[in-house]
Every structure is written in structure tokens, then in C-alpha cells.
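Before any comments, here is the structure.
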Amino acid sequence: MTQNHSSAARARRYFASGPGHPVVLGAVGLGIGLVVWQIAGSAEPVLLSTPGRAWNAFIELVVSGKLFTALGESGVIFLIGLAIAIVVGVGYGILVTRARLLREGTQWLVYALQAVPMVAVAPIVLIVMGFGVGAKSFVVFASAVFPILINTMEGARHAPPELLDTAHIFRSSERRIWRDLLIPHTVPYAMTGIRQGIAMAFVGTLVAEFFLNATGIGGLMLSASSRFDISTVLALTVLSAVIAVSLMGLGRLLESRFSSWRGEEGR
Amino acid sequence: MNQPVQGGAVVELSEVSMYYGSRKVTDAINLELRRGEVLSIVGPSGCGKTTLLRAVAGLNRPGSGEIRVDGVPVAGAAPEGVSMVFQHFGLFPWKTVEANIAYPLVVRGVRKKDAVEQTRRLVEMVGLSGFENSYPHQLSGGMQQRTGLARALAVNPRVLLMDEPFGALDAQTREVLQFELLDLWATSAVTTLFVTHSIEEAVLFGDRIAVLRGQPSSVVELIDVNLPKPRERSVMATPEFARLREHVWNLVMSNEVPA
Ligand SMILES: Nc1ncnc2c1ncn2[C@@H]1O[C@H](COP(=O)(O)OP(=O)(O)OP(=O)(O)O)[C@@H](O)[C@H]1O
Ligand SMILES: [Mg+2]
């Protein structure tokens, strides 16, 4: 029993620092992947590029300044779309739990719309709304809003009844109920939604940029792939993955920050 | 002005029947509380004590009958000056002790300076000095309930509703808080409805004791507690206390369904 215990503890220590650490494992995986990619790319040079050539393509994008223009374009629609999704998702998510008629009238719609694949409707949205920043931001918004809305609704619905009683007994106004109770209670749930929403907004950004008036990172990817410039496509794909992972990390950081009062020592 | 003594309100329940859906929980309850009176309410679990208390606070509406606070009917909203202390404290976990106590004042739009001053006085009164900036989860149950009590007192209530306020505390903390509540009533009379499962507590605190029984429940007996006031814990050693405790015990227990 004791034997088991100490060996388990040793194993845990081993995995916590040494070669089992997630960052180390990740780096090893990445290294193996790059080697395999290089070998496969050399064997089949037409269909597959190699990490070396992808790196050269990447440098070229940087030097020509194309990459930064594209990042700027993508960044704008990403941020506009996400910001509106957060405001609408959190605001409507709380509102809907406070107003029974609104909830019962629109809940089915929310769940139905949520199931619509954005890739399929994005062209229609872009045609109807034009191909400007507004239409593209809307695609980002529509991609990101549902996880935020649904998580917020879930949180607001579970607002502690005793606290609602407290608010009513001390004759709180509805505005103050939001401020003292609904928003602080719901923020940790909303943050979970926002974390998912960030990922969805990122996908939405690429989707919005893929159609007709292609712009940003998505547009670069699209034009490279129509030129069969596999190296550039791969470079951009890897870049997208890196951005996505960083955004997810940021989302997770935000999420844990905003639930800090639940922790052992508050703020 | 510097004497916080006040009379509290007259609270009347006339023919109050409470329902959940079509199920009747209480049947035509009649009770009248004098200014500053403490009424203990006892009865088996599920007989509608909490439901009645919530009705006085305007949280539930009676299916029939009327509740009046100082003659004004309670109609679906909390009457001014009615405070409640909850069994599980009902504190905002994201607010500090200070902010929790100041909550009713802030909600009421009391000036910042006055609210701060009054909050400091309340913190001191319930013995929480030094913990103003702690969060509820950093406090013991007893300290959390002190916070809940201070919050309830922040509005200088006319009526205090207490639903098993010490039910979630350990025996020792419970006794300490009992002391302090007696102290509070000695200095400032507040009309109080005190729901408890502890028969000793009901006798110790109550000017009268209402025993509820039945499905739907009604008041089977309203007992006068003729123990000296202001109440002190020493009354618990008197024969009269023992007599009352036995009497209430018999009433409450006779009412449990035999196994
Ligand atoms: N929200 C509700 N919806 C439906 N029925 C309820 C609700 N709240 C309470 N009841 C029922 O009404 C009855 C009275 O409940 P209440 O909580 O008032 O009893 P109580 O005397 O306070 O019991 P306890 O001593 O256990 O706290 C119980 O049978 C309970 O099941
Ligand atoms: Mg109860």
C-alpha cells in the first residue's frame, strides 16, 4: 500500500517536470511532425511542400509586407465581430432569463440558429449584406455569438434563489439586480462561452474571408491555393494554428481570472 | 436620535392560506404580532413555516387572506423595513463583508459617506472588525451569519424575519449568537418572526410561541411565554422554562406521523 503510494507519487513528480511536461511533449511531437513532413515533402514535391520551403514562403510574405496587411484586415473583422458577439451574447443571455415571454418566444430560435453551419450560409450573408467589413464582421459575430449566448443563459438561469430573495427583500431595482447579482454570477459562465466564442470567431474570420472579395489571412490562403502555391498555404495554415492556440490560451487565462472569487483567497 | 430603540411594526396575518399550485400548504392562519414582539414559530418539517415567512416578506402571495404590516397590506412586493436572515446566510460570494452589509444601504441610494459610516458601526456591533475586506468563503459559518444579521439590521428594520438562522451552525457558535441576539432585542425592540427547529430556542426567544401542525397546517396552539424580559440565558434553568419546553415538545411530537 505504502509502496504503491510512493511510486505513484514519484511517477507524478516525474511527469510534472521531466520529459513528461506538456510543453516538452508538445515540442517533441512538433519535431517528429516536421521531420516526417520534410521527408514526405521531398518524396512528393508537387503535392506536398517541405517545412523549409514553407518557411521561405513565410519570410517572403513578411518581407513583402503582405502578411501584416492581411493580419490587420483579419484582426479588424475578428475584433468587431467578437466584441459585438460578447455584448449581444451576454446581454441577451441574461435578459432572456429575466423575461419569461421573451425566453419562451425565442429559445427555440436560438437553438435552431445555433445548429446552422456558418460555412454554408456565409456566402448568402455576404451577398445580402455586401462584401465589406460590416458583412464580414457579421459572419464572425454569427459564428461566435451562440456559445457565448448559451453559456450565459445557462449561468443566469442558475442564479442562486436565496440571493434573488435577498435582492427583492431589500427592494433592489432591476438595474441593481443585474449589477449586484446577475452579472457577477454569470461572468464565469459567460467566460467559458467567450473562450469557445474566440475559437469560433477565428474560424468565422477565415470563412468570411474565403468568399469573392477575399481579404486578410483567409484571402492570402485562397489566392495561394488557387496558384497551387502549396508552400504559402502551408505556411499560413501553421500560422493560423499558432494564432488559434494563442487565442485559446488567452481565453483560458481570461476564464480563470474572472472566476477568481470562487478561489481560495478571493482577490 | 442616538438611541436606536424603536417599537417595530404591528404584523397581522388574517386567514392566510398559502398554496403551491393547487396544493394548500397553510389553512387560514391568524396571527397578530404586537410592536416589538418576538413570535417563535415551530412545527414539523414541511408544515409551511418558510412559506409563511416568505409571504410576510412579499416573496409569495397568499392564495387567500391578507397580511398587513402597520396596517398596510403586503401586496406582492417587499414592504419597506422588513428584513430577513436566512438559514444559509444568503451572502453575495463576490462581495466583501463590508459590501454585503452595506448592500441594503447602497440599493436604497444612501449617500456613500453615510453608508460607510453606518456599515462601520454595524461591523463593530456584530464583532467583525478586522474582517471588513474578507469574502464570505473566507469566514466561518458563525461569522457569515453575523454578516447576514448586520445586513438585516442595516435598514433599521421594523420587522425581522429569521428562518432557522442558527440551523447551519455548530452548537457552540449557535449559543454565542443566541446571546448576542438577546442582547440586540434588549437594546432595540424589533417585531420578529423566528422560525426554528429547536424547541429550547423557541422558548428562550419567544414572547409567544405558535405551534403549527397539519396538512394543510394551522396554528394548533399559541403559547404565552411568561419569562422575565429582557430575556437572559439564566431563564433556561428555571422550572417555568422546563415546563414550557415539555409542553411545546409534546405538541410538536404528538404531531409526527407514528412510524
Ligand atoms: N417552491 C415550491 N414549490 C412547490 N412546493 C413547495 C415549494 N416550496 C415548498 N413547497 C412545499 O410546501 C410545503 C411547505 O414548505 P416549507 O418550506 O414552507 O416548510 P417548512 O415548514 O419551512 O419546512 P422545514 O422545517 O423543513 O424548513 C412543503 O411540503 C414543501 O414541499
Ligand atoms: Mg423552512
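The values are calculated or read from the model by the stated rules, or taken from the named source; none is laboratory data. For clarity, every value in this text was computed on a predicted model and none was experimentally measured. Cβ placement follows ideal geometry from the backbone for every residue including glycine, while neighbour counts extend to all protein chains displayed. Accessible surface is based on the protein model in full, side chains and every heavy atom, while ligands, DNA and RNA are left aside. Shrake-Rupley method; radii C 1.70, N 1.55, O 1.52, S 1.80 Å.
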Just a yes or no: is a residue in the range B:83-95 more than 19 Å from B:Arg158 (Cα to Cα), touching a Phe, Trp or Tyr at 6+ places or on another chain (Cβ under 6 Å), within 12 Å of chain A (Cβ to nearest Cβ) and buried (at least 21 other Cβ atoms within 10 Å of the Cβ)? yes
Take the residues in the range B:61-71 that are at positive phi and open to solvent by less than 50 Å² (accessible area, probe 1.4 Å), then tell me which one is farthest from ligand 1 (Cβ to nearest atom). B:Gly71
Out of all the residues in the range B:32-48, which are open to solvent by 10 Å² or more (accessible area, probe 1.4 Å) and either more than 9 Å from ligand 1 (Cβ to nearest atom) or among the basic types (Lys, Arg) (or both)? B:Glu32, B:Arg34, B:Arg35, B:Gly36
Between B:Gly21, B:Gly58, which is away from every other protein chain (no Cβ under 14 Å) and either within 19 Å of B:Asn156 (Cβ to Cβ) or within 16 Å of ligand 1 (Cβ to nearest atom) (or both)? B:Gly21
Against the condition among the hydrophobic types (A, V, I, L, M, F, W, C), more than 16 Å from ligand 2 (Cβ to nearest atom) and surrounded by fewer than 22 Cβ atoms within 10 Å (Cβ to Cβ), how does B:Val123 come out, does it pass? yes
Any idea which residue in the range B:72-82 is nearest to ligand 2 (Cβ to nearest atom), counting only those that are surrounded by 20 or more Cβ atoms within 10 Å (Cβ to Cβ) and touching a residue at least 60 places away in the same chain (Cβ under 8 Å)? B:Val82
Can you confirm whether the range A:96-104 contains a residue that is hydrophobic (A, V, I, L, M, F, W, C), touching a Gly at 6+ places or on another chain (Cβ under 8 Å), at pLDDT 85 or above and in the same structural domain as A:Thr215 (by TED's automatic domain parsing)? no
Which count do you get for residues in the range B:208-233 that are open to solvent by 80 Å² or more (accessible area, probe 1.4 Å) and among the polar types (S, T, N, Q)? 2
Just for the range A:33-83: of the residues that are of a type in the set (Phe, Trp, Tyr) and within 18 Å of A:Ala244 (Cβ to Cβ), which one is least open to solvent (accessible area, probe 1.4 Å)? A:Phe78
With touching a residue at least 12 places away in the same chain (Cβ under 8 Å) and within 14 Å of the chain's Cα centre (by Cα) as the only criterion, which of A:Phe146, A:Phe138 stands out? A:Phe146
Heads up, the strands (runs of 3 or more DSSP E) in the range B:136-242 (entirely inside) with at least 3 residues that are touching a Pro at 6+ places or on another chain (Cβ under 9 Å) are B:191-195
